[in-house]
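The block underneath contains the structure these notes are about, expressed in structure tokens.
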Amino acid sequence: MTDTLFQAYVPLLFWTGLGLLLFRFLPDSLPRFLGRSLYWVGIPLEILALARQTNFADQIGLAPLATIAILICGLVLAWTSLQIVRKTASNTRLNSGETDAPVQEAIAEKSLHAIATSSITEQPAVNFWEARSRQGSFILSSMFGNTGFVGLAIAPAFVSEDYLGWIVFYSITHNVVGTYGIGVFLASYFGRSVHQISWRTLVRDILTVPSLWAFTVGYLTRAVELPSILESGLHSCIWVIIPTALLLMGMRLSQLQGWNSLRLALVPAVLKVFVVPSLVGLVATLAGLPAEPRLALVLMSGMPTAFAGLILAEEYELNRDLIASSIVLTTIMLFVTIPIWLFLFGDRPIF
């Protein structure tokens with residue numbers, strides 16, 4: 001198991017580290033270009049490939065329903081935690097004698113949109129959590145995990161072949177219904193000012209998500225045999241998409257503003273990799289779910305904060321620092337939580 005984890009994390013560490021090193025020599029506009037390219041081309045191609053190769057006939061039922069239930073649970077926990085954090089921050093400012101005067105001064109100097117999307121450490125006197133872009137990033141960081149890049153690379157090592165379908169279906173459902181369904185809705189909602197929000201705009205943003213159409217095309221064309229060169233190219237492109245996503249993460253990590261960014265991401269990180277999978281394991285145990293599908297759900301629900309959160313942040317102008325910091329913390333936490341989940345909810349020895 002230790003060797004498997006090591007092999008899975010070598011690409012993650014290498015490409016992310018390369019992005020950290022190279023960003024200082026690259027144009028500042030490159031991360032946004034990569035993010036939008038992944039959103040419109042890269043991720044849809046990956047989902048298209050997964051949809052074509054997965055046997056859905058044996059997996060329709062509990063797996064997608066459980067995934068959607070976990071997403072709803074994550075949303076409720078994230079929203080509740082955000083309100084607690086906002087209230088705590090406001091009380092702290094009141095107790096320290098701060099007023100809203102700095103906010104009014106900041107508004108006089110720059111637009112509301114610039115305030116919402118600026119770096120976490122630019123406004124020490126302002127309640128950070130009143131910016132809509134940070135609220136959206138908090139919820140995205142708490143809810144959506146990297147079930148594609150990291151989940152599909154790690155979780156299958158701990159589950160037998162009979163239950164691999166649970167892992168694949170979780171990843172697809174999580175990405176289609178969650179990240180690029182609910183996630184786009186939330187990113188669109190929090191990425192606009194209150195006066196810019198309309199239900200027509202939100203619905204349009206969801207219906208035009210390329211990954212949803214890619215999944216539909218992939219599902220409907222499973223029985224269609226593509227030319228071998230096209231089929232192999234479709235699957236090979238994943239090995240380009242994954243390094244590109246990791247490079248983007250590294251570039252964004254290089255822009256973090258020290259410990260303050262990591263500190264503010266601690267709550268969504270703990271929710272993502274510890275609280276939610278703990279509840280999933282407890283409920284699955286009480287429901288009498290067998291050990292392996294239970295472990296599959298726990299592992300996938302406890303994956304690090306999704307790289308796709310950065311892609312959505314690029315597309316909808318949410319706060320990048322918070323999501324990138326959550327990715328760092330949850331990735332580090334993953335090394336600790338996986339042995340815990342294997343011990344509590346698995347039926348095989350850890351080593």
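Give me the number: length gained by fully extending Val336 to Glu130, i.e. 0.36 nm times residue separation minus the C-alpha to C-alpha distance, one decimal in nm.
Extra length from Val336 to Glu130 when fully extended: 70.9 nm.
Given the convex hull of the Cα atoms of region 135-205, what is a quarter of its surface area in nm²?
5.3
I'd like the FRET efficiency for Leu18 and Trp239, computed as 1/(1 + (r/R0)^6) with the beta carbon distance as r and R0 of 22 Å, rounded to 0.05.
For R0 = 22 Å, the calculated efficiency reads 0.90.
List the extent of the Cα atoms of region 230-297 along each of their three principal axes, largest first, rounded to whole Å.
If we take the Cα atoms of region 230-297, the spans are 46, 42, 10 Å.
Roughly how large, in nm² to one decimal, is the mean projection of the convex hull of the alpha-carbon atoms in region 293-345?
3.9
Ignoring ligands and nucleic acids, what accessible area does Asp347 show with a 1.4 Å probe (Å², nearest 10)?
Rounded to the nearest 10, the figure is 100 Å².
Pull up all non-local amide H partners of Gly145: gap of 5 or more, or a different chain, and H-to-H distance under 5 Å with H placed in the peptide plane.
Excluding prolines and chain starts, which carry no amide H, the hits are Ala306.
Give me log10 I(q)/I(0) at q = 0.20 Å⁻¹ for region 138-271, Debye formula, one equal scatterer per alpha-carbon, no solvent.
Listed by q, the Debye log ratios stand at -1.45.
Can you list the HN-Hα couplings for region 287-295, worked out from phi with the Karplus curve (6.51, -1.76, 1.60; θ = phi - 60°), rounded to whole Hz and with x for Gly and Pro?
Listing the rounded values in order: 7, x, 5, x, 4, 5, x, 4, 5 Hz.
Using 10 Å bins from zero, what percent of all Cα-Cα pairs in region 262-351 falls into each bin?
18, 42, 27, 12, 1
Bin width 10 Å, alpha-carbon pairs only: give the P(r) of region 199-351 as whole percents, running from 0 to the bin holding the largest distance.
With a bin width of 10 Å, the distribution comes to 9, 26, 29, 29, 6, 0.
Order Ser232, Ser81 by their accessible area, 1.4 angstrom probe, all chains in place, largest first.
Ser232, Ser81
Semi-axes of the equivalent ellipsoid for region 179-254, please: Cα gyration tensor eigenvalues, times 5, square-rooted, ordered largest first, whole Å.
Values for region 179-254, descending: 31, 21, 7 Å.
So, R0 is 45 Å and r is the distance between the beta-carbons of Ala69 and Phe25; what FRET efficiency does that work out to, to 0.05?
0.50
The values are calculated or read from the model by the stated rules, or taken from the named source; none is laboratory data. Values in this document were obtained by computation on a predicted structure and should not be read as measured data. All Cβ positions, even for glycine, are placed from backbone atoms using ideal geometry, and neighbour counts span all protein chains on display. In case anyone asks, the SASA skips ligands and DNA or RNA and just uses the protein heavy atoms, side chains included. Shrake-Rupley method; radii C 1.70, N 1.55, O 1.52, S 1.80 Å.
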